1. Restricting to segment 26-83, and then to whatever is part of a helix (DSSP H, G or I) and acidic (Asp, Glu), can you tell me which residue is surrounded by the most Cβ atoms within 10 Å (Cβ to Cβ)?
2. Got a sec? Which of Asp78, Asp44 is in contact with a Lys or Arg (Cβ under 7 Å, 6 or more places away or on another chain), of a type in the set (D, E, K, R) and without any contact (Cβ under 8 Å) to a residue 60 or more places away in the chain?
3. Quick one: Gln23 ticks every box in (1) within 20 Å of the chain's Cα centre (by Cα); (2) surrounded by 15 or more Cβ atoms within 10 Å (Cβ to Cβ) bar one, so which box is it?
4. Consider Arg6 against the criteria (1) among the basic types (Lys, Arg); (2) over 19 Å from the mean Cα position of the chain (by Cα); (3) surrounded by 11 or more Cβ atoms within 10 Å (Cβ to Cβ): it satisfies all of them except one. Which criterion is unmet?
Amino acid sequence: MERILRATGKAYHPHCFTCVVCQRSLDGIPFTVDAANHIHCIDDFHKKFAPRCCVCSEPIMPAPGQEETVRIVALDRDFHVQCYRCE
């Protein structure tokens, strides 16, 4: 008998339950969905939707193994803590 995964109200073969960005199998791996209900691995979700630092242009996302991060918002701009400098 073949194993079936249930997520987001749908049934998937384990090899079909993948991140829409990197195509990595998410069988047994934490995942999230966007507003359109597309399935993402956590890393790709943060890369795609996280605010970008106005200094380095990189996404402001948690460090590997962390679930949260800190950002500075000043004058309607987002900064990594290490990128923020008073002018």
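Computed from the coordinates by the stated procedures, all read-outs in this text should not be read as laboratory data. Values in this document were obtained by computation on a predicted structure and should not be read as measured data. Glycine also receives a Cβ, built like all others from the backbone with ideal geometry; neighbour counts cover every protein chain displayed.
1. Initially, segment 26-83 is screened for residues part of a helix (DSSP H, G or I), giving 42-49.
Pick out the ones that are also acidic (Asp, Glu) and you get 43-44.
Working: Asp43: 15, Asp44: 18.
That would be Asp44.
2. On the way: Asp44 fails: in contact with a Lys or Arg (Cβ under 7 Å, 6 or more places away or on another chain).
Asp78 is the lone residue from the list that is in contact with a Lys or Arg (Cβ under 7 Å, 6 or more places away or on another chain), of a type in the set (D, E, K, R) and without any contact (Cβ under 8 Å) to a residue 60 or more places away in the chain.
3. (2)
4. So the condition that Arg6 fails would be (3).
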